[in-house]
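As structure tokens, the structure follows; a few thoughts come after it.
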Amino acid sequence: MKLNRSSMNMPANRPVKIIQFGEGNFLRAFVDWMVQEMNEKADFNGNVIVVQPIEKGMIDRLNEQDGLYTLILKGIKDKKSVKDIHLIDSISRGVNPYGEFDEFLKLAENPDARFVVSNTTEAGIAYHAEDNRDMQPPSSFPAKVVLLLYHRYKTFQGNKEKGFVFLPCELIEQNGDKLKEYVLKYAAQWQMEPSFIDWIQEANQFCNTLVDRIVPGYRPDNIDEIRNSKGYEDNLVVEGEQYHLWVIKGQKELEQELPFSKAGLNVRIVEDVQPYRTRKVRLLNGPHTVMTPIAYLCGEEYVRNTMQHPVLGDFVRNVMREEILPTIDLPRDEMERYLDRILDRFLNPFVDHALLSISLNSISKFRARVLPIILDYDLKNGELPDGLVLALAAIFAFYRGKTSSGKTIPLQDDEMVLEFFKHQWLLYEKEELSVEDLVGRALENKEFWGRNLNDISGLKEKTTKYLSEILSQGMLNVVQSVVNRKLHATVA
């Protein structure tokens, strides 16, 4: 039986209160699940409509199932192994602005719509100078938001009660502030009415947020489990861990509109997101980004297996304790406890977190998650961290697009990033470019990093050394040498 609202007798009869940019695994296992919980436990009585943020997406697959999908949450809860299976019906439908732009704009006409959530990856909240207001749609997420806001402004004649509350889930610092900055920049660049620009600032809230839940997706070969146990065929199954946390910088009144606590959800509305963000991004997301190219080039495919590996596991734990943790200005004992909890989550026996899923947009992730740690470590210690710089070299090796055995790596990133590395590695293979030259060109690319990283003393030399060793000795041997050196330094 195909999964849809007709076969399950589940009409989409709740008002749409949330517009969601992004149809991927994370939002469906995090925000849409929370909406489901609030509907079932706190009388929220609201649904989500999903906007496909990029040209290639999965809105058609979502609409084929009328927004329905299965969420499996596995892990340890109250010291017991738990596996919960939820049929999520909080999504009414999806809209693809690249094929139905008018339908996208009509979302702004809904008087019940109040919230806008998003997860367009770290690369999504960005400014593209070539975007203009006549494009249907413009390429960037903030530019799309401007057009949506303008249509709402016109529809409700500037009514300040009809603004949106933006809750971006992208893992960049000050995500709400950054989104607002780009929205206002486009509005000014496009010479939109001053009264509209005033309305953006006065009628809308752009909240900084932090999200935390490991969502590995779902192994395709396990879809039969749902078919056999539930009796329907679901091609959008998603899997996540039990743990969840959403920290939102906002006014306490927000809880009256979004009854998180009444539904028993771990959502905190606070005055300052930054302390939560620093520890989470550095000690959870940072290690994910560090381990992914290294472990994949060593033949591993999942986070748990990486952490259980006798060499890779020691490497990741050492990087977390000796290179990342000292850069966090919070009490050491508190951070040690938090780190131990993260390690338990990495070893969750119920979650298969694929390294390839983490590898999406690795360059922008490294810039947001790891580069600040390298800079802070260098500032504090007067030297560059071995493990984190090795991870940088490993990303360059990963973006060669093939392993040492010749296996093709299915790279996932902006076309500009992929074309850059494809060209550099082609020149290297033709012996027209040295490893040092390749590293130098990658580090100087300001579109990747926002600055020329060759300006960081010793970074080019150290990255070149590690990349050369990866190419000549193999990734695992290089990791082993770093681990051995760290152990020797500790003993000494």
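The values are calculated or read from the model by the stated rules, or taken from the named source; none is laboratory data. Model, not experiment: these values are computed from the prediction. Cβ: placed from backbone, ideal geometry, glycine included. Neighbour counts: every protein chain shown.
Give all pairs with beta carbons closer than 8 Å in which a residue from region 342-360 that is over 20 Å from ILE76 (Cα atoms) meets a residue that is modelled with pLDDT under 90; count only pairs at least 6 apart in sequence or on separate chains.
From residues that are over 20 Å from ILE76 (Cα atoms), the pairs are SER357/PRO216; SER357/GLY217; LEU360/THR121.
Only one of ILE85, ILE125 is aliphatic (A, V, I, L, M) and either free of Cβ contacts under 8 Å to residues at least 12 places away in the same chain or surrounded by fewer than 20 Cβ atoms within 10 Å (Cβ to Cβ) (or both). Can you tell me which? Lay out the reasoning, then the answer.
Values: ILE125 fails: either free of Cβ contacts under 8 Å to residues at least 12 places away in the same chain or surrounded by fewer than 20 Cβ atoms within 10 Å (Cβ to Cβ) (or both).
Matching residue, one of ILE85, ILE125: ILE85.
Can you tell me which of (1) surrounded by 20 or more Cβ atoms within 10 Å (Cβ to Cβ); (2) modelled with pLDDT under 95; (3) charged (D, E, K, R) is the one GLU323 doesn't meet?
Going through the list (1) surrounded by 20 or more Cβ atoms within 10 Å (Cβ to Cβ); (2) modelled with pLDDT under 95; (3) charged (D, E, K, R), GLU323 breaks only (2).
Could you grab me the full set of residues in region 228-243 that are in a loop (DSSP other than H, G, I, E, B) and either at pLDDT 95 or above or aliphatic (A, V, I, L, M) (or both)?
Start the filter on region 228-243 by keeping residues that are in a loop (DSSP other than H, G, I, E, B), which leaves 231-232, 234-237, 242-243.
Within region 228-243, LEU236, VAL237 meet the criteria.
Does GLY406 satisfy the criteria of being surrounded by 12 or more Cβ atoms within 10 Å (Cβ to Cβ), under 30 Å from THR121 (Cβ atoms) and either aromatic (Phe, Trp, Tyr) or not assigned by TED's automatic domain parsing to the domain that holds GLU55 (or both)? Break it down into steps so the answer makes sense when it comes.
Working: surrounded by 12 or more Cβ atoms within 10 Å (Cβ to Cβ): no; under 30 Å from THR121 (Cβ atoms): yes; either aromatic (Phe, Trp, Tyr) or not assigned by TED's automatic domain parsing to the domain that holds GLU55 (or both): yes.
Against the criterion (surrounded by 12 or more Cβ atoms within 10 Å (Cβ to Cβ), under 30 Å from THR121 (Cβ atoms) and either aromatic (Phe, Trp, Tyr) or not assigned by TED's automatic domain parsing to the domain that holds GLU55 (or both)), GLY406 does not qualify.
How many residues are part of a loop (DSSP other than H, G, I, E, B) and in contact with a strand residue (DSSP E or B) (Cβ under 8 Å, 6 or more places away or on another chain) when one looks only at region 46-88? Write out each step before concluding.
Residues of region 46-88 part of a loop (DSSP other than H, G, I, E, B): 46, 52-58, 65-68, 78-79.
From the residues that got through so far, the ones that are in contact with a strand residue (DSSP E or B) (Cβ under 8 Å, 6 or more places away or on another chain) too are 46, 52-53, 65-68.
Number of matching residues: 7.
Conditions (1) touching a Lys or Arg at 6+ places or on another chain (Cβ under 9 Å); (2) closer than 30 Å to SER81 by Cβ, marked per residue:
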{"position": "LEU339", "(1), (2)": "yes, yes"}
{"position": "ARG345", "(1), (2)": "no, yes"}
{"position": "ASN348", "(1), (2)": "yes, yes"}
{"position": "ILE358", "(1), (2)": "yes, yes"}
{"position": "LYS365", "(1), (2)": "no, no"}
{"position": "GLU383", "(1), (2)": "no, no"}
{"position": "GLY387", "(1), (2)": "yes, no"}
{"position": "ALA393", "(1), (2)": "yes, no"}
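Considering only residues of region 262-305 that are surrounded by fewer than 18 Cβ atoms within 10 Å (Cβ to Cβ) and of a type in the set (Asp, Glu), which is farthest from the chain's Cα centre (by Cα)?
Among them, the one singled out is GLU271.
Residue check: is GLN256 part of a loop (DSSP other than H, G, I, E, B) and more than 20 Å from PRO53 (Cα to Cα)?
Against the criterion (part of a loop (DSSP other than H, G, I, E, B) and more than 20 Å from PRO53 (Cα to Cα)), GLN256 does not qualify.
Just to be sure, is LEU179 within 30 Å of LEU371 (Cβ to Cβ), under 19 Å from the mean Cα position of the chain (by Cα) and surrounded by fewer than 16 Cβ atoms within 10 Å (Cβ to Cβ)? Please lay out each step first, then the result.
Values: within 30 Å of LEU371 (Cβ to Cβ): yes; under 19 Å from the mean Cα position of the chain (by Cα): yes; surrounded by fewer than 16 Cβ atoms within 10 Å (Cβ to Cβ): no.
Spelling it out, it is not the case that LEU179 is within 30 Å of LEU371 (Cβ to Cβ), under 19 Å from the mean Cα position of the chain (by Cα) and surrounded by fewer than 16 Cβ atoms within 10 Å (Cβ to Cβ).
Go through (1) over 17 Å from the mean Cα position of the chain (by Cα); (2) modelled with pLDDT of 95 or more; (3) buried (at least 21 other Cβ atoms within 10 Å of the Cβ) one by one and return the number of the condition ASN381 breaks.
(3)
Looking only at residues that are surrounded by 15 or more Cβ atoms within 10 Å (Cβ to Cβ) and in contact with an Asp or Glu (Cβ under 7 Å, 6 or more places away or on another chain) in region 152-176, which one is nearest to ALA108 (Cα to Cα)?
For region 152-176, the residue satisfying everything is THR155.
If we keep just the residues of region 416-454 that are more than 28 Å from the chain's Cα centre (by Cα) and assigned to a helix (DSSP H, G or I), which is surrounded by the fewest Cβ atoms within 10 Å (Cβ to Cβ)?
Step one: filter region 416-454 for residues more than 28 Å from the chain's Cα centre (by Cα), giving 426-437.
Pick out the ones that are also assigned to a helix (DSSP H, G or I) and you get 426-429, 435-437.
Working: LEU426: 12, LEU427: 15, TYR428: 16, GLU429: 10, VAL435: 20, GLU436: 15, ASP437: 14.
The residue in question is GLU429.
How many residues does region 1-58 hold that are of a type in the set (Gly, Ala, Ser) and in contact with a Phe, Trp or Tyr (Cβ under 6 Å, 6 or more places away or on another chain)? Lay out the reasoning, then the answer.
Within region 1-58, the first condition is being of a type in the set (Gly, Ala, Ser), and the residues that meet it are 6-7, 12, 22, 24, 29, 42, 46, 57.
Restricting the remaining residues to those that are in contact with a Phe, Trp or Tyr (Cβ under 6 Å, 6 or more places away or on another chain) gives none.
So the answer is 0.
Mind listing whichever residues of region 89-117 are in contact with a strand residue (DSSP E or B) (Cβ under 7 Å, 6 or more places away or on another chain) and among the acidic types (Asp, Glu)? Walk me through how you get there before you give the answer.
Of the residues in region 89-117, the ones in contact with a strand residue (DSSP E or B) (Cβ under 7 Å, 6 or more places away or on another chain) are 90-95, 97, 103-104, 107, 110, 112-117.
Within region 89-117, GLU103, ASP112 meet the criteria.
Has region 8-18 got any residue that is in contact (Cβ under 8 Å) with a residue 40 or more places away in the chain, surrounded by 22 or more Cβ atoms within 10 Å (Cβ to Cβ) and either outside any loop (DSSP other than H, G, I, E, B) or touching a helix residue (DSSP H, G or I) at 6+ places or on another chain (Cβ under 7 Å) (or both)?
Of the residues in region 8-18, the ones in contact (Cβ under 8 Å) with a residue 40 or more places away in the chain are 8, 10, 12, 14-18.
Keeping just the survivors that are surrounded by 22 or more Cβ atoms within 10 Å (Cβ to Cβ) gives 18.
Applying the additional criterion that residues be either outside any loop (DSSP other than H, G, I, E, B) or touching a helix residue (DSSP H, G or I) at 6+ places or on another chain (Cβ under 7 Å) (or both) yields 18.
Scanning region 8-18, I find at least one residue that is in contact (Cβ under 8 Å) with a residue 40 or more places away in the chain, surrounded by 22 or more Cβ atoms within 10 Å (Cβ to Cβ) and either outside any loop (DSSP other than H, G, I, E, B) or touching a helix residue (DSSP H, G or I) at 6+ places or on another chain (Cβ under 7 Å) (or both), so the answer is yes.
Looking at region 230-264, which of the residues that are in contact (Cβ under 8 Å) with a residue 60 or more places away in the chain and of a type in the set (Ser, Thr, Tyr) is nearest to LEU87 (Cα to Cα)?
TYR232
Could you check region 118-142 and list, in sequence order, the residues that are more than 23 Å from the chain's Cα centre (by Cα) and among the acidic types (Asp, Glu)?
Hits for region 118-142 are GLU130, ASP131, ASP134.
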